[in-house]
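Trainee: Below you will find the structure I want to go over with you.
The values are calculated or read from the model by the stated rules, or taken from the named source; none is laboratory data. Here the structure is a predicted model, which means the values were calculated and not measured. Cβ coordinates were reconstructed from backbone atoms using ideal geometry, including for glycine residues, and neighbour counts include every protein chain displayed. Ligands, DNA and RNA are excluded from the accessible area calculation, which covers all protein heavy atoms including side chains. Shrake-Rupley method; radii C 1.70, N 1.55, O 1.52, S 1.80 Å.
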Amino acid sequence: MARILIVDDSRTTRKILKQILENIGHEVVGEAVNGEEGIARYKELNPDLTTMDITMPIVDGIEALRQIREYDPHAKVLMVSAAGQKHKVLEAMKSGAVEFLLKPFEEEDIVERIKSVLGYGSMLQFRT
């Protein structure tokens, strides 16, 4: 079970991600609504994985990613981006993101990305 922080300005996206992550056995240890809050929550919670929206108010996801990686070079950050932001996804990957997920996403996409990032392979199972 991984400890996960969700950073996204969309309450709906946070809710969907939280439900999926908890259904596959992970603990959502915190949520943040913008990059500034995400950085602070990361430092406070030290999660195993952070999901980070790219487009957010105050501090965007790419800048938050950079600051988190500066604070913790081993941080695992999965970027979440709306389709059509390919240049932003490339910038995020260059800035240290370990994986990305395009919105709108399917549950299977999230599960596969999480497995990839955390290295669980086929050990990750759905709870029923």
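Trainee: Can you name the residue in region 1-28 that is among the hydroxyl-bearing types (Ser, Thr, Tyr) and assigned to a helix (DSSP H, G or I) and is also modelled with the highest pLDDT among such residues?
Mentor: Thr12
Trainee: Continuing with the same structure: Test each condition in (1) over 17 Å from Met1 (Cβ atoms); (2) more than 13 Å from the chain's Cα centre (by Cα); (3) open to solvent by 70 Å² or more (accessible area, probe 1.4 Å) for Leu102 and report the one that comes out false.
Mentor: Tallying (1) over 17 Å from Met1 (Cβ atoms); (2) more than 13 Å from the chain's Cα centre (by Cα); (3) open to solvent by 70 Å² or more (accessible area, probe 1.4 Å), Leu102 fails exactly one: (2).
Trainee: Separate question: Does region 26-58 hold any residues that are surrounded by 18 or more Cβ atoms within 10 Å (Cβ to Cβ) and in contact (Cβ under 8 Å) with a residue 40 or more places away in the chain, and which are they?
Mentor: Passing the criteria: His26, Pro47, Leu49, Thr50, Thr51, Met52, Asp53, Met56.
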